[in-house]
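The values are calculated or read from the model by the stated rules, or taken from the named source; none is laboratory data. Every value quoted in this text rests on a predicted model; they were computed, and no experiment measured them. Every residue, glycine as well, gets a Cβ built from its backbone with ideal geometry; the counts of neighbours run over all protein chains shown.
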Amino acid sequence: MTQSISQEVLQSVRWAGESVDLLDQRLLPEETVYLRLTTPHDVWEAIRELKVRGAPAIGIAAAYGVVLGILGFEGNSKELAAEVRNHADYLATSRPTAVNLFWALDRMKAKAAVLAESEAPVSDAIGAMIAEALLIQSEDEETNRLIGEHALTLFEDGMGVLTHCNAGGLATAKYGTALAPFYLALERGISLKVFADETRPVLQGARLTAFELQRAGVDVTLICDNMAGHVMSKGWIQAVIVGTDRVAANGDVANKIGTYSVAVLAKAHGIPFYVACPLSTIDLSTPTGADIPIEERHPDEVTAGFGKRTAPEGIAVYNPAFDITPHEYVTAIITEKGIVKAPFSEGLKKLF
Ligand SMILES: CSC[C@@H](O)[C@@H](O)C(=O)COP(=O)(O)O
């Protein structure tokens, strides 16, 4: 029996029997609205439009998206497996960077292939596919709790810790990766002072991290992205911890745009830079960060990101959603199986 963290975080994705209830993260913190999704296309669109975002949450939503596509399927289990492959391949086109999306879809395809091989009756096979998606979600919750336990060993009472983007309960099944130790610390009476970068262009730090940590009672202070160096120079930050969308085999890390700048600043100030992620985010088939596809998003996120135009019409815009932090800047990668330090290429391989 595992011990759970008592903080209640809003669940970003829920299986509702024959549909998916999905918290529309674009509306937070002002409105808490659950959307009812009934087709794989609904899920594809929700992922593309950031209604659901954060690497593990995207993977969970996509697994349910596959299930939505096969409910009521008529045919045999081999035909079902082909249907699963089609839906999975479609959902895989929703966003390119977070490897958890492909990991979850591959897992759904593999499950369908096993069921086809055993010639399971199709209604049983559909039930087993639902169970697999639910398992992906429940395993992620336990994984994050373990990541939180390991990460907390790196922090001491009274520390200031900076984070970028949202790698919290909203981005995962529960607790988050980078934010999990903050929930654990709160529960155990360990005092941490969290600084959350607002995270331009779409403000996952301000809208989501500040929201979920404040709601839980964590001591959190919001800063604009360009204030990170200043608070470090004041001596207020003793560690940085972020999540990631994909870790390459050499330990290079893709995460929300701006993470690289934070890592460079941390190194300049002699502050450890930690990355927290489940094994499902580590992609040994991608050799280095240069091989990770970086999503580019619509210019409006930069020119009208606050619902108001803040740049001239027709201006050229570059809007990459992620950047790569080279492994030289990473102090340690914290997973559910423990903490990995350099040389990362060896340490990461040993995890599998
Ligand atoms: C545990 S979530 C880790 C990452 O997915 C997170 O830090 C991040 O970069 C999310 O980007 P987003 O564009 O909001 O999906």
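Residues that are more than 25 Å from H150 (Cβ to Cβ) and modelled with pLDDT of 95 or more: does the stretch 337-350 have at least one?
No: the stretch 337-350 contains no residue that is more than 25 Å from H150 (Cβ to Cβ) and modelled with pLDDT of 95 or more.
Filter the stretch 293-351 for residues that are in a loop (DSSP other than H, G, I, E, B), hydroxyl-bearing (S, T, Y) and surrounded by 14 or more Cβ atoms within 10 Å (Cβ to Cβ) and give the result.
Selection gives T331 alone.
So which residues in the stretch 157-197 are more than 16 Å from the ligand (Cβ to nearest atom) and at positive phi? Reasoning before the result, please.
Residues of the stretch 157-197 more than 16 Å from the ligand (Cβ to nearest atom): 157-160, 185-193.
Of everything in the stretch 157-197, those that are more than 16 Å from the ligand (Cβ to nearest atom) and at positive phi turn out to be G158, G189.
Give the number of residues within the stretch 115-124 that are surrounded by fewer than 22 Cβ atoms within 10 Å (Cβ to Cβ) and either under 25 Å from T93 (Cβ atoms) or in contact with a Pro (Cβ under 9 Å, 6 or more places away or on another chain) (or both).
Number of matching residues: 1.
With respect to T97, is the statement that it is within 30 Å of T221 (Cβ to Cβ), among the hydroxyl-bearing types (S, T, Y), within 16 Å of the ligand (Cβ to nearest atom) and surrounded by fewer than 22 Cβ atoms within 10 Å (Cβ to Cβ) true? Can you show your working first?
Details: within 30 Å of T221 (Cβ to Cβ): yes; among the hydroxyl-bearing types (S, T, Y): yes; within 16 Å of the ligand (Cβ to nearest atom): yes; surrounded by fewer than 22 Cβ atoms within 10 Å (Cβ to Cβ): yes.
Yes.
Can you say whether G127 is in a helix (DSSP H, G or I) and either away from the ligand (no atom under 14 Å from the Cβ) or surrounded by fewer than 23 Cβ atoms within 10 Å (Cβ to Cβ) (or both), as far as the supplied structure shows?
Criteria met by G127.
Tell me, which strands (runs of 3 or more DSSP E) lie completely within the stretch 204-286 with 2 or more residues that are surrounded by 22 or more Cβ atoms within 10 Å (Cβ to Cβ) and within 13 Å of the ligand (Cβ to nearest atom)?
Filter on the stretch 204-286 gives 239-242, 246-248, 253-256, 273-276.
Would you confirm, using the coordinates I've provided, whether V340 is within 13 Å of the ligand (Cβ to nearest atom), closer than 30 Å to T153 by Cβ and more than 16 Å from the chain's Cα centre (by Cα)?
So V340 does not fit the description; no.
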